[in-house]
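The values are calculated or read from the model by the stated rules, or taken from the named source; none is laboratory data. Quick caveat: nothing in here was measured; it's all calculated off a predicted structure. We place every Cβ from the backbone using ideal geometry, glycine too, and count neighbours over all the protein chains shown. The protein model used for the area step is the full one, side chains on, heavy atoms only, and it has no ligands, DNA or RNA in it. Shrake-Rupley method; radii C 1.70, N 1.55, O 1.52, S 1.80 Å.
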Amino acid sequence: MAIQPKPTTDLSLNDSSGREFIQASLSDYVAFLHRQPAVCGTPEQQEALIKHVAQGHELIKLVTAERLKITRQLDKQKHDWMEVEKEMTAPILAAMQPLKDAVEHYNRELLRVREHQQSEAARQTAIAHSGETTWLMPDVALTAKPKGVQMKWTFDIVDRNQVPNGYWVIDEAAIKTAIASGVRDIPGIRIYEEGITTFRK
């Protein structure tokens with residue numbers, strides 16, 4: 001016979017007796033489950049196992065409910081303090097923004113010049129390797145990278161039609177939405193029914 005979840009009245013994870021009371025219920029139930037054979041070969045066994053799992057879910061809900069009694073208030077306090085933080089820091093962020101914009105503009109310009117210099121240096125190297133005369137071309141010196149700038153590789157899509165298949169992502173959310181709305185045929189996709197077991201008393 002399954003152990004029933006104990007009542008939630010006057011439980012609290014905040015005090016040791018409440019926590020011990022809940023932990024005892026959980027431990028009893030886990031011990032009970034360990035004694036049950038994980039065998040499902042008849043409708044009766046299936047019904048019994050579903051009830052056992054459903055009771056486990058009830059105990060999990062009990063723990064979550066007790067935790068929420070504590071954390072809801074903490075979450076509200078955290079949210080309130082985050083609002084205070086935003087109010088206090090917003091003027092600083094607003095005052096800093098023009099300075100940050102100026103630095104960003106300066107850095108972009110220096111990097112644009114540096115990129116031009118790099119392409120010129122590459123062109124000179126190509127000409128030098130071809131054997132053509134290079135004595136009329138001045139040597140290109142690279143502008144130093146701006147202080148505080150880190151370079152990272154990134155990308156922009158310039159022609160979606162040329163992107164190889166391996167870089168495309170299937171939109172699973174769109175497929176699920178289409179199936180939920182009744183679509184049963186999408187080229188390249190097998191749409192089928194799958195049994196999902198629900199564990200309810």
Taking a ≥ b ≥ c as the square roots of the eigenvalues of the Cα gyration tensor, with a/c under 1.5 meaning rounded and otherwise prolate when a/b exceeds b/c and oblate if not, region 72-201 is oblate
Partners for K51 among lysines (Cα-Cα distance below 17 Å; same-chain residues under 8 apart left out): K6, K61, K201
Give a residue-ordered list of calculated ³J(HN,Hα) values for region 153-163 (Karplus: 6.51 cos²θ - 1.76 cosθ + 1.60, θ = phi - 60°; whole Hz; x for Gly, Pro). 6, 9, 7, 10, 7, 9, 8, 4, 5, 9, 6
Please identify, among T64, T154, T89, the residue showing maximal mean-square fluctuation in a Gaussian network model of the chain using a 10 angstrom Cα cutoff. T154
Heavy-atom accessible area per residue - the chain, 1.4 Å, Å²: 85
Take the solvent-accessible surface of the protein heavy atoms, probe 1.4 Å, and return the percent of it on the chain that carbon and sulfur atoms account for. 58
Which of the helices in the chain meet the span-like rule: DSSP H, Cα axial reach of 24 Å or more, Kyte-Doolittle mean at least -0.5? 16-35
Over the chain, the sum of -39500 (n - 2.57) across DSSP H runs of at least four, divided by residue number and rounded to 500 deg cm²/dmol, gives at 222 nm -21500 deg cm²/dmol
Net dipole in debye of the chain [+1 Lys, Arg Cβ; -1 Asp, Glu Cβ; about Cα centre; nearest 20]: 320
Write out the chymotrypsin sites (Phe, Trp or Tyr not before Pro) in region 101-201 meeting two conditions: DSSP loop, and at most 11 other Cβ atoms within 10 Å of their Cβ. W135, W153, F155, W168, Y192
Would you rank H129, H79 by solvent-accessible area, highest first, keeping every protein chain in place and using a 1.4 Å probe? H129, H79
Any lysines whose Cα falls less than 20 Å from that of K86, other than same-chain ones fewer than 8 residues away, would be K76, K78, K100
